[in-house]
Structures are given as structure tokens and as C-alpha cells.
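Let me begin by presenting the structure, written as C-alpha cells, before commenting on it.
The values are calculated or read from the model by the stated rules, or taken from the named source; none is laboratory data. These numbers were taken from a predicted model, which means no experiment stands behind them. Cβ placement follows ideal geometry from the backbone for every residue including glycine, while neighbour counts extend to all protein chains displayed.
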Amino acid sequence: MNTSDSVNQYFDFAANHLDLEEGLRDILKRPWRELQIAIPVRMDDDSVKVFNGYRIQHNATRGPYKGGVRYHPDADQYEVRALASLMTWKTSLVNIPFGGAKGGVQCDPNLLSINELNRITRRYILGIEHLIGVNRDIPAPDLGTNSQTMAWVMDAYGQVNGYTPGIVTGKPVELGGSVGRDSATGRGVMNIVEALIEERNWTPRNMEIVVQGFGNVGSWVARIAYDMGFKIIAVSDVTGGIYSKSGLNIPEIIEYIKKNKSIKEYSNSEYLSNQDVLELDCDLLIPSAINNVINKSNASNIKADIILEAANHPITPDADQILNDKGLTILPDILCNAGGVIVSYFEWTQNLYQRHWPEETVFTELSQVMKSAYRDVKTLVDSNKITFRQAAFVIGVERVVNATKLRGYV
Ligand code: NAD
């Protein structure tokens with residue numbers, strides 16, 4: 001089963017719960033538009049390589065398409081399609097006026113120079129330029145891309161269409177980006193943790209957290225959790241993980257990575273594989289790297305009490321079932337990692353009227369939107385005795401259904 005079929009299993013649960021007719025299910029499941037392009041690039045060694053690029057627009061019933069651009073070797077049509085549909089349900093769940101889309105370039109950014117990445121990005125944007133627009137489709141960063149990539153996106157689009165800061169979010173602040181966008185996804189995850197603290201009377205210093213992935217999302221999750229007083233016992237990146245039962249010094253690790261690029265050789269800790277990191281005994285496990293890392297082969301070994309999905313689709317549906325049967329609580333991706341697209345919405349709004357919000361406004365509004373979505377989901381979980389994922393999908397799908405009917409599509 002590909003990732004797109006996996007996500008659609010969760011959609012099917014919501015569709016059954018809402019008793020949707022067949023035709024409506026078909027409208028909502030299928031992407032409205034899929035574009036695959038060839039991206040020819042002159043490499044630094046003077047050879048020419050052609051990369052596959054995608055922009056998949058899943059649904060724009062509630063507003064312009066919105067979704068990140070991923071640079072990863074596995075970013076094929078199925079993965080990008082799945083991620084595009086997750087964006088539709090996510091923007092709906094947190095009730096911001098966007099639809100869902102995703103982009104991808106099948107490449108390994110770790111093996112490319114900064115100049116090659118610049119050329120790939122410009123060619124990619126030229127190839128999808130006719131499909132995107134401030135009120136049509138607004139890209140953003142994702143796995144393997146960052147604010148520098150978004151600066152190139154804005155510039156490439158601007159070369160054709162003139163100055164258009166609202167064409168992309170996650171830009172550097174100097175080019176019209178929002179303060180707080182960099183930390184937004186990780187901060188949003190921790191807003192959900194704050195809601196859990198209030199609800200369950202937790203004392204952070206007595207609780208152990210494990211974070212897989214130490215890029216944009218994972219490093220901010222770890223940094224904010226550390227500042228809140230949690231004990232972070234393990235973190236990892238693509239090279240493996242580091243563990244300390246007494247808790248890791250996260251600010252020191254962030255400084256270490258700035259100089260050394262990867263976590264691997266960091267001292268004052270024990271080295272673990274990414275697999276071992278996921279299977280550690282802890283209170284909160286926060287996968288913040290790639291898809292499908294918890295699957296049928298390792299789900300029964302997971303010892304965390306609660307999983308917060310900071311990454312998109314880190315758990316396969318069969319593993320989800322195993323974990324639910326074990327009694328774990330899983331806070332799903334479309335809720336947990338929505339902070340990024342929420343602050344992207346704030347950035348787009350600021351670009352439209354050319355004003356800048358102060359950091360305090362961004363953080364306060366982000367927290368309000370995240371906690372309000374959490375309360376909506378929790379209410380449905382309690383009243384319908386369903387999982388957090390099921391409840392999140394029911395809310396996300398239902399809002400899109402209502403908008404579909406109001407627009408008169410069916
Ligand atoms: P990133 O490229 O900044 O960081 C990815 C991290 O994962 C790096 O530390 C990398 O070393 C690690 N990693 C890569 N492959 C791995 C593997 N096989 N095993 C373990 N670790 C691995 O990416 P990011 O922006 O932090 O995104 C991480 C996840 O969060 C993705 O699933 C992405 O879709 C999701 N997400 C990101 C945002 C955002 O605003 N950036 C928003 C919502 C969701």
C-alpha cells in the first residue's frame with residue numbers, strides 16, 4: 001500500500017462516520033490537479049541531471065491551495081499526493097482559509113551544493129509557475145527545504161510576475177517572512193503539550209521525552225520542551241541518535257550541530273540507532289523526521305505512553321492499530337504539526353496588507369488556534385469514544401464537505 005492509500009484509510013473512517021455518499025467521497029479523495037515536471041539542471045561538475053518535480057493540488061474548496069515543498073529521494077507522486085491530502089484535512093481542522101497541496105523534488109539535498117539547490121529551485125518554480133499564485137496556491141518549506149529555499153522561490157516567481165511576497169511563506173524575515181515562522185511547527189507541537197499539561201496536571205521535570213529528527217521541527221520541539229523543564233532523554237538525526245538517562249543539554253547540542261552538521265559524534269551521551277531511539281521507554285515520543293518510521297515491524301516494541309506526530313504520517317495505519325490496541329494515545333499529525341501552516345497563514349495575511357506582526361502576537365494567536373483545535377478534537381474523542389486521529393479527520397473532512405455543498409459542487 002502506498003502512502004496515499006494509507007492516508008485515505010483515515011479519510012474512509014471519517015466518511016463512514018459522516019455517512020457521506022459515494023460521489024462526494026470521490027470528489028474529496030482525489031487530487032484536483034497533479035503536475036509532474038522534469039527539472040534539467042547543470043551540475044557543478046558540468047554534467048546535466050534531470051530531476052522529477054511535482055506539485056499536487058488536492059482540494060481548494062475552503063481557500064487557495066497551501067502546502068510545503070519537500071526535497072527528498074522518496075518524494076514521488078504517491079508520497080506528495082498523500083501529503084497534499086493531509087494538508088486539506090489539516091487546514092480544515094485548524095480552521096484557516098486554505099485548501100491542501102504539496103510539492104516535491106526527488107533529490108537528496110545533502111548531496112547537492114548550495115548553487116545546485118538554487119538552480120533546481122528556480123527551474124522547479126518556472127515549471128509550476130502557471131499553477132501557483134497568491135490567491136491560487138502558496139508553497140512553503142518542508143523536509144529538506146528551508147527559508148533560503150523559499151527566498152529563491154519568491155525571487156524566481158517574481159522574475160516572471162513582479163514583486164509578490166505572498167506567493168510563498170516561510171521566507172526569511174528580511175524578505176517579508178513572519179517572525180516566529182521558523183519555530184512555528186515545533187512551537188505548535190508544544191502548544192498541544194501545554195494543553196495536555198493543563199488537562200492532566202503534569203509536572204514537566206518528572207517527564208521524559210524522546211525526539212526523532214533534529215531539523216527545523218525536531219530541534220524546535222526539543223529546544224522549547226527543554227525550556228519548559230522537560231527531560232529530553234534522546235534525540236536523533238539521519239545519522240543516528242544520542243541518549244542520556246539524566247537528560248540531554250539541548251542548547252549545547254544545537255550549538256554542536258551548527259559546527260558539526262550531524263549529531264553522531266556528540267559526547268556526553270550514548271549512541272543509539274534511530275530504531276532504538278523510537279523504542280525507548282519514555283512518557284512522550286515525538287517523531288519529527290520522515291514518514292512510516294513506526295510500522296508493523298516495530299509498533300509492538302514502542303514503549304512510550306503518548307506519541308505526538310510532529311512529522312507527517314510517521315505511523316502506518318497497521319501500526320496505528322497495534323498502538324491503539326496497546327492503549328497508547330496518539331495525537332495525529334494534522335493536529336500536532338499544524339503550527340507551521342498556521343503561522344504561514346499569518347505570514348500570508350501580513351504580506352497581503354504589508355504590515356508586520358510582533359512576535360508576541362504571532363505566538364499568542366498560534367497558541368489560541370492550536371489549543372482551540374485540540375479542544376474540538378478532545379470533545380469529539382470523549383463524546384464519540386473514538387481516537388484522536390479519527391476525531392481530527394472527522395472534523396477536518398466535515399468542514400470541507402460543508403463548504404463543498406455550499407459551493408454547489410454536488
Ligand atoms: P528538516 O529537513 O529540517 O529535518 C529533518 C530531520 O530529520 C533532520 O534532522 C534529518 O537528519 C532527519 N532525518 C531525515 N531522514 C531521517 C531518517 N531516515 N531517520 C531519522 N531521521 C531522519 O525537515 P523538517 O522541516 O523539520 O520536517 C520534519 C517533518 O515535519 C516532516 O515530516 C515534515 O513533513 C513535517 N512538517 C514540517 C513542517 C515545517 O514547517 N517545516 C510543517 C509541518 C510538518
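Exactly one condition in (1) among the aromatic types (Phe, Trp, Tyr); (2) farther than 26 Å from Ile253 by Cβ; (3) within 16 Å of the ligand (Cβ to nearest atom) is not met by Phe214; state its number.
Condition (2) is where Phe214 drops out.
Only one residue in Leu285, Leu248 is surrounded by 15 or more Cβ atoms within 10 Å (Cβ to Cβ), in contact with a helix residue (DSSP H, G or I) (Cβ under 9 Å, 6 or more places away or on another chain) and part of a loop (DSSP other than H, G, I, E, B), so which one is that?
Leu248
Say we look at segment 20-44 and pick out the residues that are closer than 15 Å to Val401 by Cα and aliphatic (A, V, I, L, M); which of these is modelled with the lowest pLDDT?
Here the answer is Ile27.
What number of residues within segment 213-229 satisfy the criterion of being touching a residue at least 40 places away in the same chain (Cβ under 8 Å) and touching an Asp or Glu at 6+ places or on another chain (Cβ under 9 Å)?
Here the count works out to 5.
Can you name the helices (runs of 4 or more DSSP H) wholly within segment 301-410 that have at least 1 residues being in contact with a strand residue (DSSP E or B) (Cβ under 6 Å, 6 or more places away or on another chain) and surrounded by 19 or more Cβ atoms within 10 Å (Cβ to Cβ)? Talk me through it step by step, then tell me what you get.
Details: elements: 317-325, 333-336, 339-353, 359-384, 388-407.
Correct list: 317-325, 333-336, 339-353, 388-407.
Identify all residues within segment 230-263 that are away from the ligand (no atom under 13 Å from the Cβ), in contact with a Gly (Cβ under 8 Å, 6 or more places away or on another chain) and of a type in the set (A, V, I, L, M, F, W, C); write none if there are none.
Ile232, Ile233, listed by residue number.
So, of the residues in segment 131-173 that are of a type in the set (Ser, Thr, Tyr) and closer than 30 Å to Gln212 by Cβ, which turns out to be surrounded by the most Cβ atoms within 10 Å (Cβ to Cβ)?
Applying the filter and picking the extreme gives Thr169.
Can you name every residue in segment 163-201 that is in a loop (DSSP other than H, G, I, E, B) and without any contact (Cβ under 8 Å) to a residue 40 or more places away in the chain? Show your work before the answer.
First, the residues of segment 163-201 that are in a loop (DSSP other than H, G, I, E, B): 163-164, 168-172, 176-180, 201.
Tyr163, Thr164, Val168, Pro172, Asn201 - these are the residues of segment 163-201 that are in a loop (DSSP other than H, G, I, E, B) and without any contact (Cβ under 8 Å) to a residue 40 or more places away in the chain.
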